[in-house]
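Notes for the one structure printed next.
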Number of protein chains: 2
Amino acid sequence: MRLGGIEAGGSKFVCAIGSGPDDLAICEIPTTTPEATIQRVVTFFKAGGPVKAIGIGSFGPIDPNPKSPTFGYITSTPKLAWRNVDLAGAMRGALGVEVAFDTDVNAAALGEFRWGAAQGLEDFLYLTVGTGIGGGGMSNGELMHGRTHPEMGHIRIPHDLVRDPFAGCCPYHGDCLEGLASAPAIESRWGQAAGNLPAGHPAWDLEAHYLALGLCNWVFTLSPQRVILGGGVMRRRRGHAA
Amino acid sequence: MRLGGIEAGGSKFVCAIGSGPDDLAICEIPTTTPEATIQRVVTFFKAGGPVKAIGIGSFGPIDPNPKSPTFGYITSTPKLAWRNVDLAGAMRGALGVEVAFDTDVNAAALGEFRWGAAQGLEDFLYLTVGTGIGGGGMSNGELMHGRTHPEMGHIRIPHDLVRDPFAGCCPYHGDCLEGLASAPAIESRWGQAAGNLPAGHPAWDLEAHYLALGLCNWVFTLSPQRVILGGGVMRRRRGHAA
């Protein structure tokens with residue numbers, strides 16, 4: 001069965017047609033205006049032949065509640081051109097197929113559950129550490145949404161201003177976890193991109209410290225069977241620059 | 001239908017027979033040794049006449065997983081006499097009825113769902129602030145357990161040592177949320193019990209500050225539709241001592 005998948009990100013849309021991770025035709029489309037981006041995505045899926053349904057994992061905040069009148073919308077995102085854009089509706093309208101719609105991190109969690117590191121688990125957390133920090137996951141075998149969806153990266157953690165005087169870079173909270181430990185936080189604090197910082201650089205001990213504090217809070221709150229770490233910052237190999 | 005309920009606490013066991021909150025025969029039994037306490041609980045239920053089943057909400061840590069060989073046990077509790085006590089099995093053996101077993105906070109959450117402030121909700125958090133701080137709740141209409149069960153009170157939050165030099169009283173973490181904002185933390189910091197602190201005392205602004213930080217972290221992590229606050233510290237009325 002051929003299905004479509006879209007990872008809708010703030011800098012690019014990654015689109016794929018296939019039946020699983022080993023059988024994928026992939027196309028990356030830069031995120032510009034909603035009109036231009038969606039048009040190119042639709043063109044990719046029309047050219048690739050019919051798909052039975054499409055799944056979208058999107059940057060947000062979004063409305064992932066199928067019972068809501070704004071289901072499928074990107075809602076209060078700081079990317080102003082994308083506010084209140086009916087992404088799922090646009091795809092359903094253009095391609096005439098059912099569309100599933102969730103956060104990028106819940107889609108990643110579902111992928112880990114179906115094909116990856118969370119197979120056989122019912123309670124786990126998927127965390128991404130990159131341009132932002134976000135978490136998704138399952139409780140009792142179902143993806144967690146709640147009232148809207150979690151925004152896990154914005155938890156507050158202890159911040160020792162003597163050890164780390166950096167004020168944090170979250171536009172909403174300053175020194176929440178994302179403001180202290182995302183890739184832009186690392187770059188702002190040290191004056192160079194995370195990928196250029198060598199293995200012995202003090203950035204990494206501090207990064208591990210903050211991520212450990214965040215992980216403790218999620219472990220105490222969710223009691224996951226496993227935590228899966230993804231995202232650009234986590235791609236750095238032990239003893240090597242990213 | 002007559003059912004039995006037990007709130008197994010560190011200082012007392014509250015036992016009840018009935019069919020709902022308006023139809024309860026209640027008995028409080030002090031928590032002493034497991035043998036003596038369980039014997040008195042069994043006596044209460046035998047004297048009260050047959051019940052169809054018993055539900056237990058227990059202090060912990062516990063094993064609430066029905067598939068586990070130690071289901072129904074109190075496990076690694078700091079109350080040493082109660083370690084590895086098969087509380088559910090003792091009740092089932094003595095009374096010959098099915099026993100449901102969960103954390104005290106999950107049992108409270110289930111009560112709020114069935115009869116209280118969480119009716120009609122599928123994603124909510126119940127929090128108790130008293131001798132300890134603990135949380136339970138539902139995701140997608142099911143109580144959350146995970147690998148064992150949450151220990152939400154032990155999350156780490158920002159602690160401004162200039163504003164509040166108190167080191168925290170958690171024996172495991174010092175200044176985790178429970179170590180800063182539980183009733184024993186209030187009493188240790190200010191030298192008198194929370195119930196004796198007057199309305200204008202700075203203890204309350206600080207308490208609200210810490211609870212707000214905790215609530216932010218749980219809201220970001222769980223996205224609950226509602227948060228229900230219970231426990232001794234929350235019984236204090238606005239403008240009055242507790």
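Read-outs: derived from the displayed coordinates by stated rules, not from any lab. Worth saying up front: this structure is predicted, and the values here are computed from it rather than measured. Quick reminder, even Gly has a Cβ in these numbers, built from the backbone with ideal geometry, and neighbours come from all protein chains shown.
At-a-glance table
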| read-out | value |
| --- | --- |
| Count of the range B:109-133 residues which are part of a strand (DSSP E or B) and either over 19 Å from B:Ser182 (Cβ atoms) or within 10 Å of chain A (Cβ to nearest Cβ) (or both) | 2 |
| Candidates B:Ile17, B:Ile54, filtered to the one that is within 19 Å of the chain's Cα centre (by Cα) and not small (Gly, Ala, Ser) | B:Ile54 |
| Search result, residues across the range B:92-123 that are buried (at least 24 other Cβ atoms within 10 Å of the Cβ) and touching a helix residue (DSSP H, G or I) at 6+ places or on another chain (Cβ under 7 Å) | B:Phe101, B:Ala118 |
| Residue match in the range B:173-181 (condition: free of Cβ contacts under 8 Å to residues at least 24 places away in the same chain, buried (at least 17 other Cβ atoms within 10 Å of the Cβ), under 28 Å from A:Gly137 (Cα atoms) and within 18 Å of the chain's Cα centre (by Cα)) | yes |
| B:Gly18 of a type in the set (Gly, Ala, Ser), touching a residue at least 24 places away in the same chain (Cβ under 8 Å) and closer than 16 Å to B:Val97 by Cα | no |
| Among (1) surrounded by fewer than 17 Cβ atoms within 10 Å (Cβ to Cβ); (2) within 14 Å of chain A (Cβ to nearest Cβ); (3) among the aromatic types (Phe, Trp, Tyr) - the single one B:Phe71 does not satisfy | (2) |
| Output for the range A:21-30, where each listed residue is under 16 Å from A:Gly5 (Cβ atoms) and within 22 Å of the chain's Cα centre (by Cα) | A:Pro21, A:Asp22, A:Leu24, A:Ala25, A:Ile26, A:Cys27, A:Glu28, A:Ile29 |
| Residue ID - farthest from the chain's Cα centre (by Cα), chosen from residues in the range B:59-81 that are in contact (Cβ under 8 Å) with a residue 60 or more places away in the chain, under 14 Å from B:Ala100 (Cβ atoms) and in a loop (DSSP other than H, G, I, E, B) | B:Asn65 |
| Within the range B:138-160, tally of residues that are touching a residue at least 12 places away in the same chain (Cβ under 8 Å) and on the phi > 0 side of the Ramachandran plot | 2 |
| Residue among B:Gly231, B:Gly195 that alone is more than 26 Å from A:Ile157 (Cα to Cα) and surrounded by 12 or more Cβ atoms within 10 Å (Cβ to Cβ) | B:Gly195 |
| Selected residue [part of a helix (DSSP H, G or I), over 16 Å from A:Thr148 (Cβ atoms) and among the β-branched types (Val, Ile, Thr)] from A:Thr37, A:Thr32 | A:Thr37 |
| Hits in the range B:33-53 (condition: β-branched (Val, Ile, Thr), surrounded by 12 or more Cβ atoms within 10 Å (Cβ to Cβ) and closer than 14 Å to B:Ala8 by Cβ) | B:Thr37, B:Ile38, B:Val41, B:Val42 |
